[in-house]
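The values are calculated or read from the model by the stated rules, or taken from the named source; none is laboratory data. All figures in this text were calculated on a predicted structure; none of them were measured in a lab. Glycine also receives a Cβ, built like all others from the backbone with ideal geometry; neighbour counts cover every protein chain displayed.
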Amino acid sequence: MQAVLARVRARLSFANVTSVLALFVALGGTSYAAVVLRANSVDSRELRTNAVGSSEIQAGAVGASELRTDSVRPSEIRTGAVRAAEVATNAIGAEELAPNAVGESEVGSGAIGTDELRDGQVDLADLSPATRITLTDVGSVTFRAAVTSAGAAAGGTASFVTRTGAGEYDVQFPRDVSACQYAATLAAVRAGDTLQQPPGGRITAAPASAATTVTVRTFGVDGTAADAPFHLLVAC
């Protein structure tokens, strides 16, 4: 065998090798080229289902241009994978929100104003107690006060009461009441465990120099100033 290989090597020359290669290309090169072309011509139709997995895809190789319209569904998205940076401005509207999906924790302070509220959507039950009192009192009794003969506030919504002299009281309220109407009456007022009964006489109420204050004066039957318990109603 070695003698045969030695004789073959002795007869090899550049011309012989070139001639053999040329003959091979002439006889079978076209078929080989077709086989090579076919091997590199696989498109999506030639790939069997699940033939390409995540291990065959380089990181960052799949972009928006490689995705069909509507090809990404909720099942393809990890929990928490979509954040504010992945959402385009104005991309989420009412249609993308599930019923009751937006709660108090999702609303920023001051984010909801009158433009976000439809007419008739806010009832009294949706307002704070202080606001409900103010609204229900519009056009009727806005403020009220029960005052003892010593000038102590025994009930009502007055800010505070000051006895400025015999039978004279300044009753202050949380806002301007100078354009409101007043109704004052001598009345029984409870001071602790004692129910003060009013004496006979009369009472007046008028705006004070301060816009938030009403001055009340009480008089005895003889017309002289006299301390007495009273009720004061203010309607604005």
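Filtered by the rule that a residue be touching a residue at least 12 places away in the same chain (Cβ under 8 Å), β-branched (Val, Ile, Thr) and within 15 Å of ALA154 (Cα to Cα), region 186-225 gives a lone residue, VAL189. In this structure, does THR131 turn out to be at pLDDT below 70, under 30 Å from THR157 (Cα atoms), β-branched (Val, Ile, Thr) and surrounded by 10 or more Cβ atoms within 10 Å (Cβ to Cβ)? Yes. For region 181-195, the condition of being touching an Asp or Glu at 6+ places or on another chain (Cβ under 8 Å) and either loosely packed, with under 13 Cβ neighbours inside 10 Å or within 17 Å of GLY151 (Cβ to Cβ) (or both) holds for none of the residues.
Scanning region 149-161 for residues that are in a strand (DSSP E or B) and not β-branched (Val, Ile, Thr) yields ALA153, ALA154, GLY155, GLY156, PHE160. Filtering region 220-235 for residues that are of a type in the set (Gly, Ala, Ser), in contact with a helix residue (DSSP H, G or I) (Cβ under 9 Å, 6 or more places away or on another chain) and surrounded by 16 or more Cβ atoms within 10 Å (Cβ to Cβ) leaves a non-empty set. Region 162-236 holds strands (runs of 3 or more DSSP E) entirely within its bounds, and those carrying 2 or more residues that are acidic (Asp, Glu) and modelled with pLDDT of 95 or more map to 168-172. Of all residues being over 26 Å from PRO74 (Cβ atoms) and surrounded by 10 or more Cβ atoms within 10 Å (Cβ to Cβ) in region 98-120, which is modelled with the lowest pLDDT? Just the residue, please. Top of the filtered list is LEU117.
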